[in-house]
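The values are calculated or read from the model by the stated rules, or taken from the named source; none is laboratory data. Just so we're clear, the structure is a prediction, and the values are computed from it rather than from any experiment. Every residue, glycine as well, gets a Cβ built from its backbone with ideal geometry; the counts of neighbours run over all protein chains shown.
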Protein chains: 2
Amino acid sequence: MKLKNLVSQRFKERPADCLIDSHALMIRGGYMKYVANGIYSELPALRRVTSKIEAIIREEMNAIDGQEVLFPIVMPAELWQESGRYDSIANELVRFQDRNQSKLVLGMTHEEAAVHLVREYGQSYQQYPFMIYQIQRKFRDEARPRAGMIRVREFTMKDAYSFHTSQEDLDQYYQKCYEAYQRIFRRVGIPEVVTVASDAGMMGGNLSHEYMLLNEVGEDSIVLCAECDYRANMEAAANIVENVSNGATAPLEYVATLDCKTIEEVCDFFKTDISASCKAVVYQKNADNTFVVAFVRGDYEVNETKLSNLVGDELHVAEITADTPLTAGYIGPYGLSKQVAYYCDLSLKGMDSLVAGANREGFHLKGLNLERDLGEIDYVDLAKVKAGGICPCCKKPALTIQRGIEVGNIFQLGTKYTESMHMQFADKDGTMHYPIMGCYGIGIGRLAASVCEARHDEYGPIFPISIAPWEVHICCIRPDDLETKSAADHLYEELTKQKVEVLYDDREGVRGGQMFADADLIGVPIRVIVSPRNLKDEKIEVSTRDKSVHAVVEVSESLTYIMKLRERLYQELT
Amino acid sequence: MKLKNLVSQRFKERPADCLIDSHALMIRGGYMKYVANGIYSELPALRRVTSKIEAIIREEMNAIDGQEVLFPIVMPAELWQESGRYDSIANELVRFQDRNQSKLVLGMTHEEAAVHLVREYGQSYQQYPFMIYQIQRKFRDEARPRAGMIRVREFTMKDAYSFHTSQEDLDQYYQKCYEAYQRIFRRVGIPEVVTVASDAGMMGGNLSHEYMLLNEVGEDSIVLCAECDYRANMEAAANIVENVSNGATAPLEYVATLDCKTIEEVCDFFKTDISASCKAVVYQKNADNTFVVAFVRGDYEVNETKLSNLVGDELHVAEITADTPLTAGYIGPYGLSKQVAYYCDLSLKGMDSLVAGANREGFHLKGLNLERDLGEIDYVDLAKVKAGGICPCCKKPALTIQRGIEVGNIFQLGTKYTESMHMQFADKDGTMHYPIMGCYGIGIGRLAASVCEARHDEYGPIFPISIAPWEVHICCIRPDDLETKSAADHLYEELTKQKVEVLYDDREGVRGGQMFADADLIGVPIRVIVSPRNLKDEKIEVSTRDKSVHAVVEVSESLTYIMKLRERLYQELT
């Protein structure tokens, strides 16, 4: 492919709306174009990258006996009503009607379609285990698409679904898939991806892992232990707090605290540390808007995922109006209206003398001792882990928190979908059981962007050769010089004959500096410079985009040199 | 792949709702599964077929300098408002709103997205010509999905868009694409596909061709000349009628024709041939419901596409109510309300004495001579061609009409989209012009089904090796016999090592007859039978699904034999 024929533009300036580097570089490098909020078109360079990622994933899925299928994007509402998700999922699920007023949805995931496809096939234990997967577009009406291809509304995803007759069998397959994922991330050039225990969320089920690329632009918070291998998504990380009683036994006392709007102001007023306060955060259930109050120690934040799991319902931050049974700004566990459900976090357990809202306009309580003043309390874990917190695994106070991009996930779904959709198999005795499912996803575009985020410099992406749009980028400096042009043409032809994917820049009237800047911005791993200056000595220049190689090579040996370098770059990814 | 592990079921009975063979066989053979009206899931066998078709198409598109891209399925309404199609396309275009009430559509074709992607790239003549294509899912809310994968609502399509600075350049590229399409259809095993001139319909533009697989289950009517190469879609076929005056000069006369409801009854009443009558067919414009009457000779039918093109608007069959300025059952050109637009077909030109509606309840006219009684008339071509009609090319009365399945199309779009979407390029002088576009489509699933329709027998599909889900199907008869199993296993391994795609049936307890029936129903081109009976003589059986080859081969030579046969089958498709 000649660069001058490549359908793409390159831009010098960073677009103002690009908050992260990969987004900016993929726009600037002519990889993608904005169509609408969270919706992009892939230009040829990106389509080459995503095709290569897809091919690697296909190989690895086939290697663990996956069978590729294709589910529809548009599905009838009935299918999602069977699983219950037609009603339980909020706005992310696009619902619409066809010309006959039949209700349809846009596939944002395909558990229902997978069960539908194999419900009759899987009626005998002899068919098990099996795994089906697809690589298909999906649409999820995200509230806040961001960061280019990292969080979009329409995306290509590899989603796989495995079916098993026993938990042991799922465990075994889950492990195989776990390893296949490790190979995939190694092959696409980000072996540093870590797995973390995660919350299964709306997918249902039990055990699940996310594959995280640790990166400050990530939108996930990852909890890691500096002393052991413990890793978990913040949503799923257990928070351990060990309060030791200081023996304080002050009486409970109402104090006027007018003009104290925040927990910090209240603590200032009482001249007490924020960790000696009880903070209230109020939510409402999505389903019926009833209130749920979470009480945490003032220095902790509520983990909404944990709370939502406890409540068994999706929640949103409450809107407190005049007629609600809550006194905004003064909410505390003592004297709270019996109409309101509340949960006390473990961080409050064992605290002796707390400052808390008094549920009276303009008043707080001091000297609150939850067990003394409220009776027995069922403390629950609903706070976010803090840096320096206690590791649930090795029990050392060594937790750190990092940001990460989720580049893949694997879930043990259990029988959530097979039960709700009435898929059963007969075992050897003819007894009927629900098959146990696993599901395994990787977003293709997000993975491409994540690799770019992890592998770039200020000038452009540094794509690993396995997924780079081309393997070799030839810059012909001064194509108006016949000898130079002919040498570059010859190399281009020879490499192409060897099935090497070459992007060839033979644009006339473009200076070397511009060519190199464009090459940097495209980010092909091997660069070859053919110039009159080097050709005088029968040489060409070969370098790598990551600057690890820079060589001046005899023209006569250049083909061999490039072929070997290319092979080595591939080997480094295995 | 072992057949016993293949995710698929096979059914003996033809499903009652399958009207055509390919649909029935692809359901019975475990190729696809119904999800909703016009929506199917592809099982592994079909996904293998469609992947191979996609690969062939990619090769041919890349060979004519196509650059693969990916457009979104979900697009903002604004994009379709720019081209005007947001309003001009009826129910086929799915419109919906996202969580922020932004209007979106589901892509049913991607002209708008293509122009959007390259609008800035194509600002200089130096970038031209170029072609971009994608292979992507689409959704079209068809009123009447039918015939399995032949007419569905959701489908995978290869759609390509080329951009040119001159008509000559488009013509040249159009010819290249024309030939690429010929290669594609040859390679997937249906070289008999013919091209026909077609009506561009809602795509806009001028010249266009459809690639038709002549087949009685097709939903298109194709007009072919038995004497020359003329071929056209019925929608686009010019209808030539040469009426010769018989000199009759009867006066115009009102006749009471109560109880004559149809044109046939009226002609019976007048004891005149139906070809001496003037038939009225009434439509309404989709846009404003105003009436349009088409008059044709009684023995012709209205070609609604021609009429719609003449009117310049989409039409539907009229609903005539009491307050309309039309007398249902008695509509004729003489005395018709001036409020109503009408068109007279060429088939009426030169007729002397017609029977026609009198626009009075209960009356027809006889002796109508259009020119004498109505003055000069601008006859237009709006009737369907009839078998035996005059060829517009060689002028012989040799037209025949056949049914066909449209497996591909190529359109010259002109500047319809570039003008409406303001895409311009500067030529050498700096003058701005609208680029000229071509577009080129092939439906992947429909092509798979069409090949099955053209290549099958009563027992199953006869897939060409280039797109068959596997190349070789091994039946191991009596896998409980150790020697047989070991010979079959060995052959399976050897072939797999040679990268041959093998489906291996080593199911225990399944009789040979059942294995062969299943092999027929799956339709893999090369079948190998390993059985105790033949093995006694050190032989195995090799045959082809189309019965052209049936050989008993020495075990020691079987691998070589199969490899050669496989190569030959591929060669036959080039």
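Can you confirm whether A:Arg140 is closer than 24 Å to B:Gln136 by Cα, more than 9 Å from chain B (Cβ to nearest Cβ) and in contact with a strand residue (DSSP E or B) (Cβ under 8 Å, 6 or more places away or on another chain)?
Working: closer than 24 Å to B:Gln136 by Cα: yes; more than 9 Å from chain B (Cβ to nearest Cβ): yes; in contact with a strand residue (DSSP E or B) (Cβ under 8 Å, 6 or more places away or on another chain): yes.
Answer is yes for this residue.
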Is it the case that some residue within the range B:516-526 is loosely packed, with under 15 Cβ neighbours inside 10 Å and in contact with a Ser or Thr (Cβ under 8 Å, 6 or more places away or on another chain)? no
Take the residues of the range B:123-136 that are over 21 Å from B:Gln167 (Cβ atoms) and touching a Ser or Thr at 6+ places or on another chain (Cβ under 8 Å): which is farthest from the other protein chains (Cβ to nearest Cβ)? B:Ile135
Pairs only if they're at least six apart or on different chains, beta carbon under 7 angstrom, first in the range B:356-370 and assigned by TED's automatic domain parsing to the domain that holds B:Cys260 and closer than 16 Å to B:Asp345 by Cβ, second at pLDDT below 90 and of a type in the set (Val, Ile, Thr); list them, first residue then second. B:Leu370/B:Ile377
Residues in the range A:6-20 that are in contact with a Lys or Arg (Cβ under 8 Å, 6 or more places away or on another chain) and either within 14 Å of chain B (Cβ to nearest Cβ) or under 16 Å from A:Asn37 (Cα atoms) (or both) total 4
Selection status of B:Leu19, at pLDDT 95 or above and either under 22 Å from B:Gly218 (Cβ atoms) or aliphatic (A, V, I, L, M) (or both): no
Just one of the numbered conditions (1) closer than 30 Å to A:Ser22 by Cα; (2) facing another protein chain (nearest Cβ under 10 Å); (3) in contact with a Pro (Cβ under 8 Å, 6 or more places away or on another chain) is not true of A:Ser102; which one? (1)
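So, of the residues in the range B:153-163 that are closer than 20 Å to B:Phe185 by Cβ and out of contact with any His (no Cβ under 6 Å at 6 or more places or on another chain), which turns out to be nearest to the other protein chains (Cβ to nearest Cβ)? Steps first, please.
Quick first cut of the range B:153-163, residues closer than 20 Å to B:Phe185 by Cβ only: B:155-160, B:162.
From what's left, out of contact with any His (no Cβ under 6 Å at 6 or more places or on another chain): B:155-158, B:160, B:162.
Numbers: B:Phe155: 10, B:Thr156: 8, B:Met157: 13, B:Lys158: 13, B:Ala160: 12, B:Ser162: 11 Å.
Ranking the candidates gives B:Thr156 first.
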Give me the pairs: first residue in the range A:79-103 and buried (at least 16 other Cβ atoms within 10 Å of the Cβ), second residue small (Gly, Ala, Ser), beta-carbon distance under 6 Å, and six or more apart or on different chains, which are they? A:Ser83/A:Ser420; A:Tyr86/A:Ala77
Can you report the number of residues in the range A:336-363 which are of a type in the set (S, T, N, Q) and surrounded by fewer than 16 Cβ atoms within 10 Å (Cβ to Cβ)? 2
Could you please let me know if A:Val241 is buried (at least 18 other Cβ atoms within 10 Å of the Cβ), closer than 18 Å to A:Gly335 by Cα, modelled with pLDDT of 85 or more and of a type in the set (Val, Ile, Thr)? no
Residue list for the range A:8-30, restricted to those being in contact (Cβ under 8 Å) with a residue 60 or more places away in the chain and in contact with a Leu (Cβ under 8 Å, 6 or more places away or on another chain): A:Arg10, A:Leu25, A:Met26, A:Arg28, A:Gly29, A:Gly30
Boolean, A:Arg58 is more than 8 Å from every other protein chain (Cβ to nearest Cβ) and surrounded by fewer than 21 Cβ atoms within 10 Å (Cβ to Cβ): yes
When the range B:61-76 is examined, which residues are found to be buried (at least 20 other Cβ atoms within 10 Å of the Cβ) and either more than 8 Å from chain A (Cβ to nearest Cβ) or of a type in the set (Phe, Trp, Tyr) (or both)? B:Met61, B:Gly66, B:Phe71
Name the residue, out of B:Glu219, B:Glu120, B:Glu179, that is more than 14 Å from chain A (Cβ to nearest Cβ) and over 30 Å from A:Gln97 (Cβ atoms). B:Glu179
Output the number of the condition that A:Glu92 fails; it satisfies all remaining conditions of (1) at the interface with chain B (Cβ under 9 Å from one of its Cβ atoms); (2) assigned to a loop (DSSP other than H, G, I, E, B); (3) within 20 Å of B:Asp141 (Cβ to Cβ). (3)
So which pairs qualify, if the first residue must be in the range B:253-274 and outside the structural domain of B:Ala358 (by TED's automatic domain parsing), the second must be part of a loop (DSSP other than H, G, I, E, B) and of a type outside the set (Gly, Ala, Ser), the Cβ gap must be under 7 Å, and the two must be at least 6 apart or on different chains? none
Name every residue in the range A:21-50 that is more than 23 Å from B:Leu79 (Cα to Cα), within 11 Å of chain B (Cβ to nearest Cβ) and among the small types (Gly, Ala, Ser), in order of residue number. A:Ala45
Consider B:Val500 against the criteria (1) of a type outside the set (Phe, Trp, Tyr); (2) touching a strand residue (DSSP E or B) at 6+ places or on another chain (Cβ under 7 Å); (3) assigned to a helix (DSSP H, G or I); (4) surrounded by fewer than 23 Cβ atoms within 10 Å (Cβ to Cβ): it satisfies all of them except one. Which criterion is unmet? (3)
In the range B:173-197, anything assigned to a loop (DSSP other than H, G, I, E, B) and either in contact with a Cys (Cβ under 7 Å, 6 or more places away or on another chain) or buried (at least 21 other Cβ atoms within 10 Å of the Cβ) (or both) is listed as B:Val188, B:Gly189, B:Ile190, B:Val193
Filtered residues of the range A:78-92 (kept if within 19 Å of B:Tyr34 (Cβ to Cβ) and in contact with a Phe, Trp or Tyr (Cβ under 8 Å, 6 or more places away or on another chain)): A:Trp80, A:Ser83
Checked the range A:148-172 for anything buried (at least 22 other Cβ atoms within 10 Å of the Cβ) and assigned to a loop (DSSP other than H, G, I, E, B); matches are A:Val152, A:Arg153
Can you name the residue in the range B:371-380 that is over 10 Å from B:Met351 (Cα atoms), of a type outside the set (A, V, I, L, M) and modelled with pLDDT under 90 and, of all such residues, is nearest to the chain's Cα centre (by Cα)? B:Glu376
Residue that is modelled with the highest pLDDT [pool: residues in the range B:405-438 that are β-branched (Val, Ile, Thr) and within 23 Å of the chain's Cα centre (by Cα)]: B:Val407
Can you tell me which condition A:Glu314 does not meet? The list is (1) buried (at least 22 other Cβ atoms within 10 Å of the Cβ); (2) in contact with a helix residue (DSSP H, G or I) (Cβ under 9 Å, 6 or more places away or on another chain), and all the others hold. (1)
Residues that are among the polar types (S, T, N, Q): list the strands (runs of 3 or more DSSP E) wholly contained in the range A:509-574 that include at least 1 such residues. A:539-544
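Name the one entry in B:Pro333, B:Pro392, B:Pro397 that is over 30 Å from B:Ala449 (Cβ atoms) and free of Cβ contacts under 8 Å to residues at least 12 places away in the same chain.
B:Pro397 is the lone residue from the list that is over 30 Å from B:Ala449 (Cβ atoms) and free of Cβ contacts under 8 Å to residues at least 12 places away in the same chain.
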